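Read the structure below first, then the notes.
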Amino acid sequence: MSPPGRRERKKAATRQAIADAALQLFLARGYDQVSIRDIADAADVSTTTVFKHFSGKEALVFDQDADREARLVAAVRERAPGESVLDALRRHVLASWLPIAEHPQAAEFTELVDATPALRAYAERMWTRHAGSLGAAIAAEIGAGADDLACVALARFVLEIPALAHGRPDRRAAVETLFDLLARGWDSHEPAPGS
(Lines give C-alpha, C1' and ligand atoms only; values in the text may rest on other atoms or scores of the structure.)
Protein backbone atom coordinates (compact mmCIF):
# COMPACT_ATOMS: atom_id res chain seq x y z
CA MET A 1 0.00 0.00 0.00
CA SER A 2 1.46 3.34 -1.02
CA PRO A 3 1.68 6.20 1.47
CA PRO A 4 -1.09 8.79 1.25
CA GLY A 5 -0.56 11.63 -1.18
CA ARG A 6 -0.34 15.29 -0.34
CA ARG A 7 -4.07 15.90 -0.79
CA GLU A 8 -5.01 12.99 1.53
CA ARG A 9 -2.49 14.17 4.14
CA LYS A 10 -3.93 17.68 4.01
CA LYS A 11 -7.49 16.38 4.37
CA ALA A 12 -6.44 14.21 7.32
CA ALA A 13 -4.67 17.17 8.97
CA THR A 14 -7.74 19.39 8.53
CA ARG A 15 -9.99 16.66 9.94
CA GLN A 16 -7.72 16.23 12.95
CA ALA A 17 -7.52 20.00 13.53
CA ILE A 18 -11.31 20.22 13.54
CA ALA A 19 -11.66 17.28 15.94
CA ASP A 20 -8.98 18.68 18.26
CA ALA A 21 -10.61 22.12 18.31
CA ALA A 22 -14.01 20.59 19.00
CA LEU A 23 -12.75 18.47 21.89
CA GLN A 24 -10.96 21.43 23.47
CA LEU A 25 -14.13 23.51 23.29
CA PHE A 26 -16.35 20.69 24.57
CA LEU A 27 -14.07 20.07 27.54
CA ALA A 28 -13.79 23.78 28.33
CA ARG A 29 -17.42 24.81 27.89
CA GLY A 30 -19.49 21.65 27.81
CA TYR A 31 -20.93 19.90 24.79
CA ASP A 32 -24.26 21.70 24.66
CA GLN A 33 -22.65 25.15 24.94
CA VAL A 34 -20.57 24.73 21.77
CA SER A 35 -21.93 25.26 18.26
CA ILE A 36 -20.60 24.02 14.93
CA ARG A 37 -19.81 27.67 14.15
CA ASP A 38 -17.67 27.86 17.33
CA ILE A 39 -15.78 24.76 16.23
CA ALA A 40 -15.29 26.03 12.68
CA ASP A 41 -13.96 29.35 14.00
CA ALA A 42 -11.57 27.63 16.42
CA ALA A 43 -10.26 25.36 13.63
CA ASP A 44 -10.14 28.28 11.16
CA VAL A 45 -12.39 26.55 8.63
CA SER A 46 -15.93 27.06 7.33
CA THR A 47 -18.93 25.22 8.76
CA THR A 48 -19.22 23.55 5.36
CA THR A 49 -15.73 22.14 5.83
CA VAL A 50 -16.70 20.80 9.25
CA PHE A 51 -19.65 18.97 7.70
CA LYS A 52 -17.49 17.63 4.86
CA HIS A 53 -15.46 15.78 7.48
CA PHE A 54 -18.07 14.98 10.15
CA SER A 55 -21.73 14.02 10.05
CA GLY A 56 -22.58 16.05 13.16
CA LYS A 57 -21.47 17.23 16.58
CA GLU A 58 -21.43 13.77 18.13
CA ALA A 59 -19.12 12.48 15.41
CA LEU A 60 -16.62 15.22 16.34
CA VAL A 61 -16.22 13.66 19.79
CA PHE A 62 -15.75 10.16 18.40
CA ASP A 63 -13.60 11.21 15.46
CA GLN A 64 -11.60 7.96 15.45
CA ASP A 65 -14.69 5.73 15.37
CA ALA A 66 -14.33 4.34 11.85
CA ASP A 67 -10.58 3.77 12.25
CA ARG A 68 -11.08 1.97 15.57
CA GLU A 69 -13.76 -0.27 14.09
CA ALA A 70 -11.55 -1.08 11.10
CA ARG A 71 -8.56 -1.90 13.34
CA LEU A 72 -10.75 -4.09 15.55
CA VAL A 73 -11.91 -6.14 12.57
CA ALA A 74 -8.36 -6.19 11.13
CA ALA A 75 -7.06 -7.61 14.42
CA VAL A 76 -9.16 -10.70 13.70
CA ARG A 77 -8.75 -10.92 9.92
CA GLU A 78 -5.04 -10.09 9.76
CA ARG A 79 -3.81 -12.00 12.79
CA ALA A 80 -0.58 -13.95 12.60
CA PRO A 81 -0.71 -17.51 11.29
CA GLY A 82 -1.53 -19.83 14.17
CA GLU A 83 -2.70 -17.00 16.43
CA SER A 84 -6.17 -17.59 17.86
CA VAL A 85 -8.94 -15.03 17.42
CA LEU A 86 -9.01 -14.49 21.19
CA ASP A 87 -5.23 -13.97 21.41
CA ALA A 88 -5.35 -11.49 18.53
CA LEU A 89 -8.13 -9.56 20.26
CA ARG A 90 -6.22 -9.61 23.57
CA ARG A 91 -3.16 -8.18 21.82
CA HIS A 92 -5.30 -5.55 20.09
CA VAL A 93 -7.06 -4.41 23.28
CA LEU A 94 -3.78 -4.17 25.18
CA ALA A 95 -2.10 -2.22 22.37
CA SER A 96 -4.99 0.11 21.57
CA TRP A 97 -7.04 0.65 24.71
CA LEU A 98 -4.32 0.97 27.37
CA PRO A 99 -2.72 4.07 25.75
CA ILE A 100 -6.17 5.68 25.47
CA ALA A 101 -6.97 4.90 29.10
CA GLU A 102 -3.65 6.40 30.21
CA HIS A 103 -4.09 9.62 28.20
CA PRO A 104 -4.07 12.71 30.49
CA GLN A 105 -7.52 13.78 29.21
CA ALA A 106 -9.13 10.33 29.46
CA ALA A 107 -11.04 11.11 32.66
CA GLU A 108 -12.29 14.44 31.30
CA PHE A 109 -13.38 12.77 28.07
CA THR A 110 -15.24 10.03 29.93
CA GLU A 111 -16.92 12.61 32.15
CA LEU A 112 -17.98 14.62 29.08
CA VAL A 113 -19.56 11.56 27.46
CA ASP A 114 -21.21 10.35 30.66
CA ALA A 115 -22.69 13.80 31.36
CA THR A 116 -24.10 14.32 27.87
CA PRO A 117 -27.17 12.27 26.85
CA ALA A 118 -26.55 12.78 23.11
CA LEU A 119 -22.98 11.48 23.45
CA ARG A 120 -24.02 8.51 25.59
CA ALA A 121 -26.61 7.56 22.95
CA TYR A 122 -24.08 7.97 20.13
CA ALA A 123 -21.53 5.86 22.04
CA GLU A 124 -24.12 3.12 22.54
CA ARG A 125 -24.97 3.05 18.81
CA MET A 126 -21.25 2.99 18.00
CA TRP A 127 -20.67 0.14 20.47
CA THR A 128 -23.55 -1.86 18.96
CA ARG A 129 -22.18 -1.35 15.44
CA HIS A 130 -18.67 -2.38 16.52
CA ALA A 131 -20.07 -5.48 18.22
CA GLY A 132 -21.90 -6.43 15.02
CA SER A 133 -18.83 -5.88 12.84
CA LEU A 134 -16.56 -7.78 15.21
CA GLY A 135 -19.04 -10.64 15.63
CA ALA A 136 -19.34 -10.97 11.84
CA ALA A 137 -15.54 -10.93 11.43
CA ILE A 138 -15.11 -13.63 14.08
CA ALA A 139 -17.83 -15.74 12.46
CA ALA A 140 -16.25 -15.39 9.02
CA GLU A 141 -12.86 -16.44 10.40
CA ILE A 142 -14.18 -19.63 11.97
CA GLY A 143 -16.63 -20.45 9.19
CA ALA A 144 -19.77 -19.86 11.23
CA GLY A 145 -22.95 -18.03 10.30
CA ALA A 146 -22.85 -14.23 10.65
CA ASP A 147 -25.32 -14.38 13.55
CA ASP A 148 -23.63 -17.28 15.37
CA LEU A 149 -24.45 -16.80 19.06
CA ALA A 150 -20.96 -17.67 20.32
CA CYS A 151 -19.34 -15.19 17.92
CA VAL A 152 -21.81 -12.44 18.82
CA ALA A 153 -21.29 -13.11 22.53
CA LEU A 154 -17.49 -13.11 22.23
CA ALA A 155 -17.57 -9.79 20.36
CA ARG A 156 -19.75 -8.20 23.03
CA PHE A 157 -17.64 -9.59 25.89
CA VAL A 158 -14.42 -8.33 24.28
CA LEU A 159 -15.89 -4.86 23.75
CA GLU A 160 -16.90 -4.72 27.43
CA ILE A 161 -13.38 -5.47 28.66
CA PRO A 162 -12.17 -1.82 28.60
CA ALA A 163 -15.21 -0.70 30.63
CA LEU A 164 -14.71 -3.50 33.15
CA ALA A 165 -10.98 -2.82 33.50
CA HIS A 166 -11.36 0.97 33.56
CA GLY A 167 -11.29 1.73 37.29
CA ARG A 168 -8.80 -0.98 38.27
CA PRO A 169 -5.43 0.04 39.75
CA ASP A 170 -3.59 -2.23 37.27
CA ARG A 171 -5.54 -2.00 34.02
CA ARG A 172 -3.20 -4.31 32.13
CA ALA A 173 -3.61 -7.05 34.74
CA ALA A 174 -7.38 -6.55 34.66
CA VAL A 175 -7.47 -6.91 30.87
CA GLU A 176 -5.33 -10.05 31.10
CA THR A 177 -7.59 -11.51 33.81
CA LEU A 178 -10.71 -10.86 31.75
CA PHE A 179 -9.21 -12.43 28.62
CA ASP A 180 -8.04 -15.41 30.69
CA LEU A 181 -11.60 -15.81 31.93
CA LEU A 182 -12.89 -15.77 28.35
CA ALA A 183 -10.23 -18.26 27.28
CA ARG A 184 -10.83 -20.74 30.09
CA GLY A 185 -14.50 -20.11 30.78
CA TRP A 186 -16.27 -19.54 34.07
CA ASP A 187 -16.06 -23.16 35.25
CA SER A 188 -12.27 -22.92 35.50
CA HIS A 189 -12.60 -19.75 37.58
CA GLU A 190 -15.34 -20.79 39.99
CA PRO A 191 -14.12 -22.72 43.06
CA ALA A 192 -15.42 -26.27 43.30
CA PRO A 193 -18.33 -26.71 45.74
CA GLY A 194 -17.09 -27.31 49.27
CA SER A 195 -13.56 -25.97 48.63
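Details
- Per residue, the solvent-accessible area of the stretch 1-55 (1.4 Å probe, heavy atoms of protein chains only, all protein chains present) comes to 69 Å².
- Contact order, relative form, for the stretch 67-168: 27 percent (alpha carbon pairs under 8 Å, 6 or more residues apart, mean separation divided by residue count).
- The residues of the stretch 110-167 expose on average 53 square angstrom of accessible surface per residue, using a 1.4 Å probe on protein heavy atoms.
- The listed residues 179, 157 rank as 157, 179 when sorted by accessible area, largest first, using a 1.4 Å probe.
- For the stretch 42-73 versus the stretch 90-140, the spacing of their alpha-carbon centroids is 15 Å.
- When only the Cβ of Lys, Arg, Asp and Glu is charged (+1, +1, -1, -1), the dipole of the chain relative to its Cα centre reaches about 760 debye.
- For the chain, the share of accessible area belonging to carbon and sulfur comes to 54 percent (1.4 Å probe, ligands and nucleic acids excluded).
- Probe 1.4 Å - accessible area at residue 14, Å² to nearest ten: 40 Å²
- Tilt relative to the chain, helix 149-165 - C-alpha long axis, 0 to 90 degrees, to 10: 70 degrees
The values are calculated or read from the model by the stated rules, or taken from the named source; none is laboratory data. Bear in mind the structure is a predicted one, so any value in this text is a computation, not a measurement. As a convention, Cβ positions derive from the backbone with ideal geometry for all residues, glycine included, and neighbour counts pool all protein chains shown. We work out accessible area using only protein heavy atoms, side chains counted, and drop any ligands, DNA or RNA first. Shrake-Rupley method; radii C 1.70, N 1.55, O 1.52, S 1.80 Å.
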